[in-house]
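Okay, structure first, notes after.
The values are calculated or read from the model by the stated rules, or taken from the named source; none is laboratory data. The structure displayed is predicted, hence computed values, not measured ones. Positions of Cβ are generated from backbone atoms using ideal geometry, with glycine treated the same way; all protein chains shown enter the neighbour counts. We work out accessible area using only protein heavy atoms, side chains counted, and drop any ligands, DNA or RNA first. Shrake-Rupley method; radii C 1.70, N 1.55, O 1.52, S 1.80 Å.
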Amino acid sequence: MARVTWTRRRALAAAAAALAAPHVRAAGAGQPKVVVVGGGAGGATAARYLVQGGGLDVTLVEPTRAYYSCFFSNLHIGGLRSMASLAHDYGRIAAEGVEVIHDTAIAIDRDRREVGLAGGVVLPYDRLVLSPGVDFVEGAVPGWDITQAGRMPHAYKSAGDQTELLKAQIEAMPEGGLYCMIAPPNPYRCPPAPYERISMVAHRLKQINPTAKILIADPKDHYSKQALFEEAWDKYYGGMITRLGPDFGGDVVSVDPGAMEVDIDGEVNRVDVCNVIPAMKAGWICDRAGLTEGDWAPVMPVTMQSRIDESIHVLGDAADQGDMPKAAFAATGQAKAAAMAVRAALLGARAFPPRYANACWSFLAPDDVVKLADTFRAGEEKIERVDRVISQMNEDPALRRRNAEEAVAWYDAITADIFG
């Protein structure tokens, strides 16, 4: 998947050039102007819901012409789903009246309410919606940075080339080889996803390389759905998977990509594939705009407005909003809340209390899927969890198969809601 890669120095230089000699886009027909940055689950949903009902001039800025969903991308690694089935374009969103610009937002002038693009265009806004996803914390895994992703892929910021690379590396492992995952610390995008990936890698290796081994270096004491994953690993992939948590050095890890070595608390392991998933932070444009406190962008729970600039709404993985996980389902609900708040502020439309929920399905094996579902409410200080339902251990296989069918139906429904 083609994507513009920006170093901080390059971004600053381009931003200065764009704002020094800008091509300023005028708002259309006197309508309030809303710019949405980021065309993933949060941003694309926000753009669609903002334009519904008319009255707003909505522009969506997204560098890629095809979006490959991170959610369900583990199934491609496991051989259960094609990459083409994860691809979505912006044609329907554009047909609904959203101006879609395939470019990269590189600067935000909050005083002038303008977004500078890499191509030199400057977009004025009355409200700005940011849904830039995540970036990686520099130096989080000693020995690794983004330039090493061709040798030790992350396959986590977005699906596409990185997912294909990791899959190819796994399938090219020598007989009895070693796949190592370096898991991220909290908080990070989609809490169960690294462990679903382990399940899918194990499923694929069981088919093509049954004597291969999997090693997880994990800095966390516990992780989402842990008992369910470990029950499944014993059942389906016995003896293949070893996880080293912080008690066994999983939080003291460095890598040598050239030698394909992973050092776990002083013990050097020669590996055949290394999947490095570093610590995460809000997409860098949030920090450049001065909207972050620490690694994330704090927001108001009802409207998803930035606590630093109320003319900006921050959605999804980049937002520090409380108890909701960083996940696609969560991002779409936040997008709808933000869209309703923006239409209320700019057009006087009626706003209702937002409904927040999240659900995620994790594939343990092709017909064995577990589910977690949460409901939330907008509290005074944060989005608060109200209730949780989660799969239980030793469930009826028929129930797990129905979960698999439900997961596929959910994917079809949510992508239709996001992209039209």
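Do we find that residue 50 is at pLDDT below 95, part of a helix (DSSP H, G or I) and of a type in the set (A, V, I, L, M) in this structure?
Criteria not met by residue 50.
Filter the range 227-269 for residues that are farther than 25 Å from residue 173 by Cα and hydrophobic (A, V, I, L, M, F, W, C); which is least open to solvent (accessible area, probe 1.4 Å)?
228
Could you list all residues from the range 368-416 that are part of a strand (DSSP E or B) and either without any contact (Cβ under 8 Å) to a residue 40 or more places away in the chain or open to solvent by 50 Å² or more (accessible area, probe 1.4 Å) (or both)?
369, 371, 373, 375, 377, 384, 385, 386, 387, 388, 389, 390
Looking for whichever is of a type in the set (A, V, I, L, M), touching a Ser or Thr at 6+ places or on another chain (Cβ under 6 Å) and modelled with pLDDT under 95 here; the options are 159, 118, 155. Which one fits?
159
Would a scan of the range 197-204 turn up a residue that is in contact (Cβ under 8 Å) with a residue 12 or more places away in the chain, surrounded by fewer than 21 Cβ atoms within 10 Å (Cβ to Cβ) and farther than 12 Å from residue 364 by Cβ?
yes
Say we look at the range 57-73 and pick out the residues that are touching a helix residue (DSSP H, G or I) at 6+ places or on another chain (Cβ under 6 Å) and open to solvent by less than 10 Å² (accessible area, probe 1.4 Å); which of these is nearest to residue 348 (Cα to Cα)?
58
Being within 23 Å of residue 82 (Cβ to Cβ) and surrounded by 20 or more Cβ atoms within 10 Å (Cβ to Cβ): is that true of residue 156 here?
Answer is yes for this residue.
Would you please name the residue that is farthest from residue 128 (Cα to Cα), looking only at residues in the range 284-309 that are buried (at least 24 other Cβ atoms within 10 Å of the Cβ) and touching a helix residue (DSSP H, G or I) at 6+ places or on another chain (Cβ under 7 Å)?
297
Out of the range 125-145, which residues are open to solvent by 30 Å² or more (accessible area, probe 1.4 Å) and of a type outside the set (A, V, I, L, M)?
Selection gives 126, 127, 132, 138, 139, 142, 143, 145.
So which residues in the range 315-340 are part of a loop (DSSP other than H, G, I, E, B), within 18 Å of residue 386 (Cα to Cα) and open to solvent by less than 20 Å² (accessible area, probe 1.4 Å), if there are any at all? Don't jump to the end; show me each part of the working.
Let us first name the residues in the range 315-340 that are part of a loop (DSSP other than H, G, I, E, B), namely 315, 321, 323-325, 327.
From what's left, within 18 Å of residue 386 (Cα to Cα): 321, 323-325, 327.
Those that are part of a loop (DSSP other than H, G, I, E, B), within 18 Å of residue 386 (Cα to Cα) and open to solvent by less than 20 Å² (accessible area, probe 1.4 Å): 321, 324, 327.
Among the residues of the range 348-367, count how many are of a type in the set (Asp, Glu) and surrounded by 21 or more Cβ atoms within 10 Å (Cβ to Cβ).
Of the residues in the range 348-367, 0 are of a type in the set (Asp, Glu) and surrounded by 21 or more Cβ atoms within 10 Å (Cβ to Cβ).
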